[in-house]
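**Student:** If you scroll down you'll find the structure; I have some questions about it.
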Amino acid sequence: MARQLEPAQENPFIELGRLLSEESYKRDRKEIRLDNIVIDILRKDDEQVVIGEVKKSSRFEKSAMMQLAFYLSRIRDMGVEAKGELLFPKERKRIDVTLSPEIENELKSAEEDIRKIVSCESPPEARKNRYCKSCGYNEFCWA
């Protein structure tokens, strides 16, 4: 997103995620685009707006939770209070996410770290980690 870089859309993990999102939760409104975010599911429970993020597995639950927290924060900045749900259809698992003060502090810290990296003349030296093999940006690091 910074410097107009986007993940490789033909990445099999991104394609799988897109297919999983399309085929799951068919009664809900899908793929809402707001600025630079794409909300997988949007619905209203009673009077509460609910934003759902569909993931293949809960293996990277923490990063998925932070992604959803970022979406909730952005939507709140637009004047809409919402709650979030991480949805793992293959596991039949659902996790509620709200913007608690702890999550907001963690999100702000992560955003500060990202801003520092983006403001650098060149990216930090690439280091392989457990996310690399499924990352849609891996060609930027290892090309």
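**Student:** Which of the trypsin sites (Lys or Arg not before Pro) found in segment 51-120 are loop residues per DSSP with 14 or fewer other Cβ atoms within 10 Å of their Cβ?
**Tutor:** Those satisfying the criteria are LYS90, ARG92.
**Student:** Okay, moving on. Using the Kirkwood radius over C-alpha pairs as Rh, can you work out the diffusion coefficient of segment 61-131 via Stokes-Einstein at 4 °C, viscosity 1.567 mPa s, in µm² per second?
**Tutor:** 92
**Student:** Quick one: which residues, 5 or more positions from LEU34 or on another chain, have an amide H under 5 Å from its amide H? H modelled 1.01 Å from N in the peptide plane, none for Pro or chain starts.
**Tutor:** Here ILE39 satisfy the definition.
**Student:** Also: At most 13 other Cβ atoms within 10 Å and a DSSP loop assignment: could you name the GluC sites (Glu not before Pro) in segment 69-110 that fit?
**Tutor:** GLU81, GLU91
**Student:** For the cross-link pairs LYS93/LYS128; LYS90/LYS116; LYS56/LYS133, which exceed 26 Å when the distance is taken from alpha carbon to alpha carbon?
**Tutor:** Pairs exceeding the cut-off: LYS93/LYS128; LYS90/LYS116.
A short reminder: the numbers here are calculations on the coordinates, not readings from a lab. Treat the numbers as computed from the prediction; the structure is a model and nothing was measured. Ideal geometry is used to build each Cβ from the backbone, glycine not excepted, and the neighbour counts take in all protein chains shown.
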